[in-house]
1. Test Thr155 against the stated conditions and say whether it is hydroxyl-bearing (Ser, Thr, Tyr) and touching a residue at least 40 places away in the same chain (Cβ under 8 Å).
2. How many residues, within region 49-87, are among the basic types (Lys, Arg) and in a helix (DSSP H, G or I)?
3. Can you spot a residue in region 225-236 that is of a type outside the set (S, T, N, Q), modelled with pLDDT under 95 and over 12 Å from the mean Cα position of the chain (by Cα)?
4. Checking the structure you have, find out if any residue of region 201-216 is crowded, with 16+ Cβ neighbours inside 10 Å, under 15 Å from Val93 (Cα atoms), touching a residue at least 24 places away in the same chain (Cβ under 8 Å) and in contact with an Asp or Glu (Cβ under 9 Å, 6 or more places away or on another chain).
Amino acid sequence: MEKREELYSGKAKSVYTTDDADKLVLLFRDDTSAFDGKKKEKLDRKGMVNNKFNAFIMQKIEEAGIETHFIQLLSDQESLFKRLEMFPIECVVRNISAGSICRRLGVEEGKDLNPPTFEFFLKNDDLGDPMINDFHIQSFGWASAEHVEKMKELTFAVNDVLKTLFLDGGMLLVDYKLEFGLFEGRVVLGDEFSPDGCRLWDSETREKLDKDRFRQGLGGVVEAYEQVGQRLGVNFD
């Protein structure tokens, strides 16, 4: 497998084509950002930690019978993935109130949400990733009704798997975002799952162990990510 030209470079990852049209290389960089890129920094070891963390989580999701685009680790900061036709949509599940839902709805942080909430957001940095609904998605042709329902089904299936996994490691899965795409006509989980795209709290102290440490200037960002991984059994060597 030969890595070729850069296809796309985002805030913290770069995507490269390969000599196989159905496979891509994803490079996890040490860059981190928040507030739509207004706050940026390089954090030593972050790319390696997120790459190996993501590989571990994707494998757990696959073991539960949910197809992902992950194929294998290539190096400390690179992984091989199936090439998906991505939907321009983020699927967000919230098990506990935190972040934007508190600001939008005037609710306190830390409220257990039963059932969990589900929200769609349009992936568009220029617009600030606005919230959208099923009707927007279908009216503007971002995904079919069938694919919308499949994304919802898979997002909640992932929730069932990961809530238990993190709770066994003494952590609460507060909320997270997932992205999906099509591979050979099937809806498949894409992008990544790391502390960059979810909120994780210690189940006893509710200490933040995710990207909120960067957003709120709490420090120890990568150290917290490593602690999360170590509690789950991720090997960072």
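The values are calculated or read from the model by the stated rules, or taken from the named source; none is laboratory data. Fair warning: this is a prediction, and the values are worked out from it, not measured in the lab. No Cβ is skipped: glycine too gets one built from the backbone with ideal geometry, and neighbour counts run over all protein chains shown.
1. Working: hydroxyl-bearing (Ser, Thr, Tyr): yes; touching a residue at least 40 places away in the same chain (Cβ under 8 Å): yes.
Answer is yes for this residue.
2. If we filter region 49-87 for residues that are among the basic types (Lys, Arg), which is where we start, we get 52, 60, 82-83.
With in a helix (DSSP H, G or I) added as a condition, the list becomes 52, 60.
Qualifying residue count for the region: 2.
3. Start the filter on region 225-236 by keeping residues that are of a type outside the set (S, T, N, Q), which leaves 225-226, 228-229, 231-234, 236.
Right, trim to modelled with pLDDT under 95 and you get 236.
Now drop any that are not over 12 Å from the mean Cα position of the chain (by Cα), which leaves 236.
Yes, the conditions are met somewhere in region 225-236.
4. No, that holds for no residue.
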